[in-house]
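Inspection log for the structure reproduced underneath, given as structure tokens.
The values are calculated or read from the model by the stated rules, or taken from the named source; none is laboratory data. Predicted, not measured: the structure shown is a model, and the values here were computed from it. Note that each Cβ is placed from the backbone with ideal geometry, even for glycine, and that neighbours are counted across all protein chains shown. All accessible areas refer to the heavy atoms of the entire protein, side chains included, with ligands and DNA or RNA removed. Shrake-Rupley method; radii C 1.70, N 1.55, O 1.52, S 1.80 Å.
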Amino acid sequence: MKLGAFSVSLAVKNLKASKEFYEKLGFSKFGGAEENHYLIMKNEDTLIGLFEGMFEGNILTFNPGWDADANVLEDYQDVREIQNELKKQGLTLDKEVKENSKGPESIMVKDPDGNVILIDQHTP
């Protein structure tokens, strides 16, 4: 299964304080906007999303169709294919995609400990 670029999406209480903290660890702004209450921070190939007031808990995020620099990959597995594989393996999804849909879409599943895994495809 090709899940694409990986990042951790953190639910933060204070975006500015979190940004400053991660900058001290060598991360720099890669995307997002403080006025929209989220930033994507990058250190080499490591990505961390900082999200203030958008969701509870932290999320493991995969982006099919993207590499770690958000470049579109020519060869990737569409989120609908990933959904079908997960369902064939008996997993129950918390968010599904309509099978005949096209373009950007996302699915969600929880691991046995309740950790949310978001598979979020931005590519067509």
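Take the stretch 66-89 and flag every residue that is closer than 16 Å to VAL109 by Cβ, without any contact (Cβ under 8 Å) to a residue 40 or more places away in the chain and open to solvent by 40 Å² or more (accessible area, probe 1.4 Å).
Result: GLU81, ASN84, LYS87, LYS88, GLN89.
If LEU10 satisfies every condition in (1) of a type outside the set (Phe, Trp, Tyr); (2) open to solvent by 80 Å² or more (accessible area, probe 1.4 Å); (3) modelled with pLDDT of 95 or more but one, which is the exception?
So LEU10 meets the others, but not (2).
Quick check: anything in the stretch 38-45 more than 16 Å from the chain's Cα centre (by Cα) and open to solvent by less than 30 Å² (accessible area, probe 1.4 Å)?
Checked the stretch 38-45: no residue is more than 16 Å from the chain's Cα centre (by Cα) and open to solvent by less than 30 Å² (accessible area, probe 1.4 Å).
Do the conditions hold for GLY32, that is, is it modelled with pLDDT under 95 and buried (at least 17 other Cβ atoms within 10 Å of the Cβ)?
It is false that GLY32 is modelled with pLDDT under 95 and buried (at least 17 other Cβ atoms within 10 Å of the Cβ).
Can you tell me which residues in the stretch 96-115 are among the small types (Gly, Ala, Ser) and either surrounded by 10 or more Cβ atoms within 10 Å (Cβ to Cβ) or touching a residue at least 12 places away in the same chain (Cβ under 8 Å) (or both)?
SER101, GLY103, SER106
Could you please let me know if THR92 is within 15 Å of the chain's Cα centre (by Cα) and either surrounded by 14 or more Cβ atoms within 10 Å (Cβ to Cβ) or farther than 18 Å from LYS2 by Cα (or both)?
Here the answer is no, as THR92 does not meet what is asked.
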